[in-house]
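One structure below.
The values are calculated or read from the model by the stated rules, or taken from the named source; none is laboratory data. The structure displayed is predicted, hence computed values, not measured ones. Every residue, glycine among them, receives a Cβ derived from its backbone with ideal geometry; neighbour counts consider all protein chains shown.
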């Protein structure tokens, strides 16, 4: 299996990186929330981001989960809103459920989705019930939830706002039942696994941005007449960050390809990707703070934003510890 992007896939990643660098730099987060204004949201829709993985017959670009992973890696690197991934996933659920009008509104950017993560005891199948945590639900026209049992779209009413570790992401809770469901599909579509891959890709982006910030600072910061990157306590930490990022991204790409191609063990690889990507994001973001020293602990720098977003993304598409249990329960390879 070839884990390297082909020229067309690399163009998608490069174009996404260039757009995000211009339109959504990290500096924007110091001025307020992460959700882009309506004009930027329309630009995202015009680029086809919300329908990247949908067939052309369904109004999408007809690309695969591998291309989506490349895109959302760049979204994660710039701490793009979770609503981007939620809207892409919601469009897929609407399409599979046969709601063409809702699908088209999401793909065209006329409607934005928030992510609903089930809490312990909540379920989507055979009936919807329980409490869900809602990420980026402020102003959303629909909420999407997905697990291994299936996926559903909900009306975003009666949300109870909660404080969020990441001030740039809105957090709320809501109780859902079958009466609030707008559309549903069963687990055969594996939307829950796709969501985990996209979450892992964004976590990889967070981890890589933390790695790059630390490496740049290690070359720019001088002590005792030398760049701090020459000291073992710093360069070994940066090397560990690079290794974690490479392992996480390689596993995420493998998981995307395994799921795309229908491999029997795709679920195992998806869970492995979420575990490694979460570890890379959280550990690298924490190490980035340490490399920056006293500066790293201040809100004037971006290091704290990466730490907070890594922990929030851990809550999307299943906590890492839940995916660890899945990996441990998998049968040994023959």
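Listed by first and then second residue, the pairs with beta-carbon distance under 6 Å, at least 6 apart or on different chains, first residue in segment 38-58 and more than 19 Å from residue 72 (Cα to Cα), second part of a helix (DSSP H, G or I), are 58/95. So for segment 121-133 (the condition being surrounded by fewer than 21 Cβ atoms within 10 Å (Cβ to Cβ) and touching a helix residue (DSSP H, G or I) at 6+ places or on another chain (Cβ under 6 Å)), does at least one residue qualify? Within segment 121-133, one or more residues are surrounded by fewer than 21 Cβ atoms within 10 Å (Cβ to Cβ) and touching a helix residue (DSSP H, G or I) at 6+ places or on another chain (Cβ under 6 Å). In this structure, is residue 188 part of a helix (DSSP H, G or I), out of contact with any helix residue (DSSP H, G or I) (no Cβ under 9 Å at 6 or more places or on another chain) and closer than 24 Å to residue 271 by Cβ? Answer is yes for this residue. Of everything listed in (1) part of a loop (DSSP other than H, G, I, E, B); (2) touching a helix residue (DSSP H, G or I) at 6+ places or on another chain (Cβ under 8 Å), the single unmet condition for residue 2 is (2). Looking only at segment 265-296, residues that are surrounded by 24 or more Cβ atoms within 10 Å (Cβ to Cβ) and at positive phi come to 0 in all. Quick one: which helices (runs of 4 or more DSSP H) lie wholly within segment 46-118 and hold at least 3 residues that are within 19 Å of the chain's Cα centre (by Cα)? The helices (runs of 4 or more DSSP H) meeting that bar are 65-77, 82-96.
Condition check for residue 112 on (1) at pLDDT below 95; (2) buried (at least 22 other Cβ atoms within 10 Å of the Cβ); (3) on the phi < 0 side of the Ramachandran plot: one failure, at (1).
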